[in-house]
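Chemist: Below you'll find the structure I mean.
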C-alpha cells in the first residue's frame, strides 16, 4: 500500500466512491425505465440487488476501519455445498440477467463499469483486496452484477456459452425454415391445434 494513503483514508474513499457509482447507476437505470411499464417490476429487483451489494460492502469497510470485524467462520464441506447450491439457485432471474439493462440503459451500465474498473484497478485497492478475502468475495459479486471482467484476486470470469447457429437452406413462402441438418421449424408464433 502506498505510504501516502493511510488505511482509514483508503477505506473511506473506497466506500464513498463505490456508493456514488452504484447510486448513480441505480438512478440512471431508474430514469431510463421509469416510463416503460413492464420494466418496473424487473427494475425493482435490480434496484434491491444493487442496493444490498453496496450496503454490504460499505458496512464491511466501516467495520474493518473500526476493527470490529467478526472472526472468519470456518465452514464444513456440507455447509459449503449448501451455500454453493443456494447461490446457484439464487443466480436466476431478472436481477442477475442484465440483458434488458444492456438494451435499455447501456450508457448507464458502461459508466458504472468504467468507474468501478478504474477504482478497483488502483494498486492500493488491489492490495486491500489481496489482504481481505471477504471483501474480495463481495467485490467479485459486484463484478458479476455489473457484468465486468475485472482483475480481483481469486476471480475468474464465468465462461460464456457459445451458441451454434445452424445455417438455413431455404425458407418456404409460409415461413417454414429448413436447416442444413434436415430440421424444419415453423415460423415463430405459429401454433398447431391438437
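The values are calculated or read from the model by the stated rules, or taken from the named source; none is laboratory data. Keep in mind the model is a prediction, meaning the values are calculated, not measured. Here Cβ is always computed from backbone atoms with ideal geometry, including for glycine, and neighbour counts include all displayed protein chains.
Chemist: Does any residue of segment 55-72 turn out to be under 25 Å from residue 122 (Cα atoms) and either exposed (fewer than 12 other Cβ atoms within 10 Å of the Cβ) or not assigned by TED's automatic domain parsing to the domain that holds residue 104 (or both)?
Modeler: Checking segment 55-72: at least one residue is under 25 Å from residue 122 (Cα atoms) and either exposed (fewer than 12 other Cβ atoms within 10 Å of the Cβ) or not assigned by TED's automatic domain parsing to the domain that holds residue 104 (or both).
The rows are residues; the columns are (1) modelled with pLDDT under 75; (2) crowded, with 19+ Cβ neighbours inside 10 Å; (3) assigned by TED's automatic domain parsing to the domain that holds residue 36; (4) under 17 Å from residue 54 (Cα atoms).
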residue	(1), (2), (3), (4)
92	yes, no, yes, no
97	yes, no, yes, no
108	no, yes, yes, yes
114	no, no, yes, yes
137	no, no, yes, yes
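Chemist: Looking at segment 74-90 only, could you name the residues that are loosely packed, with under 12 Cβ neighbours inside 10 Å, modelled with pLDDT of 75 or more and farther than 18 Å from residue 140 by Cβ?
Modeler: Those that are loosely packed, with under 12 Cβ neighbours inside 10 Å, modelled with pLDDT of 75 or more and farther than 18 Å from residue 140 by Cβ: 74, 76, 77, 78, 79, 81, 85.
Chemist: Within segment 167-188, can you find the residues that are surrounded by fewer than 12 Cβ atoms within 10 Å (Cβ to Cβ) and assigned to a loop (DSSP other than H, G, I, E, B)?
Modeler: 167, 172, 173, 174, 180, 181, 182, 183, 187, 188
Chemist: Are any residues in segment 145-157 modelled with pLDDT under 75 and surrounded by 10 or more Cβ atoms within 10 Å (Cβ to Cβ), and if so, which ones?
Modeler: 149, 150, 151, 152, 153, 154, 155, 157
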